[in-house]
1. Sort the following peptides by mean Cβ neighbour count (other Cβ atoms within 10 Å, averaged over residues), highest first: 85-95, 59-69, 29-39, 118-128.
2. Shape verdict for the chain, please, from the Cα gyration tensor: rounded (a/c under 1.5), prolate (a/b greater than b/c) or oblate.
3. Of the heavy-atom accessible surface of the stretch 4-159 (probe 1.4 angstrom), what whole percent is carbon and sulfur?
4. Go through Trp115, Thr12, Ala102 and say which Cα lies farthest out towards the positive end of the charge dipole of the chain; charges sit on Cβ, +1 for Lys and Arg, -1 for Asp and Glu.
5. What residue among Leu138, Leu57, Leu83 shows peak mean-square fluctuation when the chain is described by a Gaussian network model with Cα springs under 10 Å?
6. Suppose only helical runs count, i.e. DSSP H with n ≥ 4. What mean residue ellipticity at 222 nm does that imply for the chain under -39500 (n - 2.57) per run, divided by all residues and rounded to the nearest 500 deg cm²/dmol?
7. Given the C-alpha centroids of the stretch 14-70 and the stretch 75-117, what is the distance between them in whole angstrom?
8. Using Cα pairs under 8 angstrom and six or more residues apart, how large is the relative contact order of the stretch 27-159, in percent?
Amino acid sequence: MKEDNGVWMHCTNSAIRRAARQLGQLYDDVIEPSGLRGTQFSLLSQIALASDDGAPLKLLAEALVMDLSALGHTLKPLARDGLVELVADTHDKRVKRARLTAEGRSRLSQARLLWQDAQERFDAAFGKARSAEMRALLGAVSTPDFARAFRAAKPAAGG
């Protein structure tokens, strides 16, 4: 199949998914010595941003643009391996929070060094300015405002 003949040339969703699969594989290869996959690294990084009480699962899922069930599925092996613990909120026992364990902080620190290598490789191959621009554009697409605008948009006649 010719590179320029695929549906990804006409479908933004297909192009982004295709690129995401390739980048995921490339980053996973680089951070593999940490024992983490890119999705786990991203999740641990997001949890690390929370207070010492941990990140509420609902807010964590929203930040990662995931549903709670997918988040639970991704958290399960991290909890099993002792990198994350799930705890009840001190003010509302119905709210669950995820927080890093000491082992989780250590593993994240190790993975961050490897991730930095992957990020520098990406910047070198793609260009640092283009890389920053792409992250900003994809960040905008990942917002709730974009999702609302997408749902409300009406296709142009004949388009």
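The values are calculated or read from the model by the stated rules, or taken from the named source; none is laboratory data. These numbers come from a predicted model, not from an experiment. Glycine gets a Cβ as well: all are built from the backbone with ideal geometry, and neighbour counts include every protein chain shown. Just so you know, the surface numbers come from the protein's heavy atoms only, side chains and all, with ligands and any DNA or RNA stripped out. Shrake-Rupley method; radii C 1.70, N 1.55, O 1.52, S 1.80 Å.
1. Taking the mean over residues of other Cβ atoms within 10 Å, the ranking is 29-39, 59-69, 118-128, 85-95.
2. oblate
3. Carbon-and-sulfur percentage of accessible area, whole number: 57.
4. Thr12
5. Of Leu138, Leu57, Leu83, the Gaussian network model singles out Leu138 as fluctuating most.
6. Details: 7 runs with 99 residues, N = 159.
That calculation yields -20000 deg cm²/dmol at 222 nm.
7. The two parts, judged by their Cα centres, are 12 Å apart.
8. Working: 111 pairs, mean separation 33.2, N = 133.
Worked out over the stretch 27-159, it gives 25 percent.
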